[in-house]
Amino acid sequence: MANIAVQRIKREFKEVLKSEEVRFITKIWHPNISSVTGAICLDILKDQWAAAMTLRTVLLSLQALLAAAEPDDPQDAVVANQYKQNPDMFKQTARLWSHVYAGAPVSSPEYTRKIDKLCAMGFDKNAVIVALSSKSWDVETATELLLSN
């Protein structure tokens, strides 16, 4: 009887943390995280994954990735391009996404006005944020993108 319990505990422990289950459910603007699915581009979650990986190890790796993005190995090419081409815009966009999706304080009234302007035209707020973010906050090109979808 004890042997069955030990086998069950071992099986359940192995199933606790799987690499494909590690993702962001809160939207985040980061070159190594998909702005659509929350998938994370991190070696320990891909080819370096081991069943012995602990939650602590995964969280420490995520913390390091968030602090030091790797735009040359991106999960989201649009975000990585903005990160490399216009770092200030990237920071403002990331702050705005933090405000909208995670409740951080408002950081850019200008970006908020652009969102409100397109939402007033009847577009979905999430679609507007994605369009503006991916089109360098240019209202005209973001509107064209929204109309083409």
- Looking only at the stretch 101-110, and only at residues there that are of a type in the set (A, V, I, L, M, F, W, C) and free of Cβ contacts under 8 Å to residues at least 60 places away in the same chain, the one that is most open to solvent (accessible area, probe 1.4 Å): Val106
- State all residues of the stretch 111-129 that are part of a helix (DSSP H, G or I) and either under 22 Å from Asp88 (Cα atoms) or open to solvent by less than 90 Å² (accessible area, probe 1.4 Å) (or both); if no residue qualifies, say none. Tyr111, Thr112, Arg113, Lys114, Ile115, Asp116, Leu118, Cys119, Asn126, Ala127, Val128, Ile129
- In the stretch 130-149, the residues that are in a loop (DSSP other than H, G, I, E, B) and surrounded by 19 or more Cβ atoms within 10 Å (Cβ to Cβ): Trp137
- Message: Against the conditions (1) under 26 Å from Asp72 (Cβ atoms); (2) in contact with a Lys or Arg (Cβ under 8 Å, 6 or more places away or on another chain), where does Ser108 fall short? Just the number, please.
- Response: (1)
- Determine whether Val58 is farther than 21 Å from Val130 by Cα, of a type outside the set (Ser, Thr, Tyr) and either open to solvent by 60 Å² or more (accessible area, probe 1.4 Å) or assigned to a helix (DSSP H, G or I) (or both). yes
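The values are calculated or read from the model by the stated rules, or taken from the named source; none is laboratory data. Note that the coordinates shown come from a computational prediction; the quantities given were computed from them, not determined experimentally. Note that we place each Cβ from the backbone using ideal geometry, even for glycine, and neighbour counts take in every protein chain shown. Only protein heavy atoms, including side chains, enter the accessible area calculation; ligands, DNA and RNA are left aside. Shrake-Rupley method; radii C 1.70, N 1.55, O 1.52, S 1.80 Å.
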